[in-house]
1. Go through (1) surrounded by 14 or more Cβ atoms within 10 Å (Cβ to Cβ); (2) modelled with pLDDT of 85 or more one by one and return the number of the condition Ala53 breaks.
2. Does the stretch 1-23 hold any residues that are touching a residue at least 60 places away in the same chain (Cβ under 8 Å) and among the charged types (D, E, K, R), and which are they?
Amino acid sequence: MNISTIESILLALLVLDAIALTVLVLLQQGKGADVGAAFGSGSSNTMFGSLGAASFFTKATAWLAIGFFVITFCLAYVAKERASQLGTVGIPTATDSLPEGSSSELAEPVAPEDTGVGDVPGVEEDAGDVPGL
C-alpha cells in the first residue's frame, strides 16, 4: 500500500469516528436529567441494564475519543512521511528550468530609477504641510 491509500483510509476512519463521537455525545443525558427522575418524571433506563445507559455511553465515548486521537496521530505521522518523501524525490528548482549554456548565477540587481515625491503632481516634497506630523 502506498502512503496516499493509507492516508485516505485513515481520513475516512477519522470522519466516521468523529460522526459517531458527535452522535454519542448528543445522545447522552445531561447531569440535570437525573434530578427530574428522582421526582418521578423520568423513565427507567432498563435497556442497558440496571445502571442505565450512562455507563455504556460514557465508556463508548471514552473509547471513541481515544480512537480519534490515535487516528489523528497516525495521520500526522503519515503526513510527515509524505513530506519527507517529497523532499528526497526531485522537486524542481529554479536552476532546473534554465536553458542550456546559461549561468545559474543570479544577475546583478538593477537599481530602480529615483522616483522622488516631487514627481507626483500635486504633492510637495516638504512634509511640513501634512497635518498631524
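1. The number of the failed condition is (2).
2. Glu7 - this is the single residue of the stretch 1-23 that is touching a residue at least 60 places away in the same chain (Cβ under 8 Å) and among the charged types (D, E, K, R).
The values are calculated or read from the model by the stated rules, or taken from the named source; none is laboratory data. The shown structure was predicted, so the numbers you read here are calculated from the model rather than taken from an experiment. FYI the Cβ positions are ideal-geometry reconstructions off the backbone, even for glycines, and counts take in every protein chain you see.
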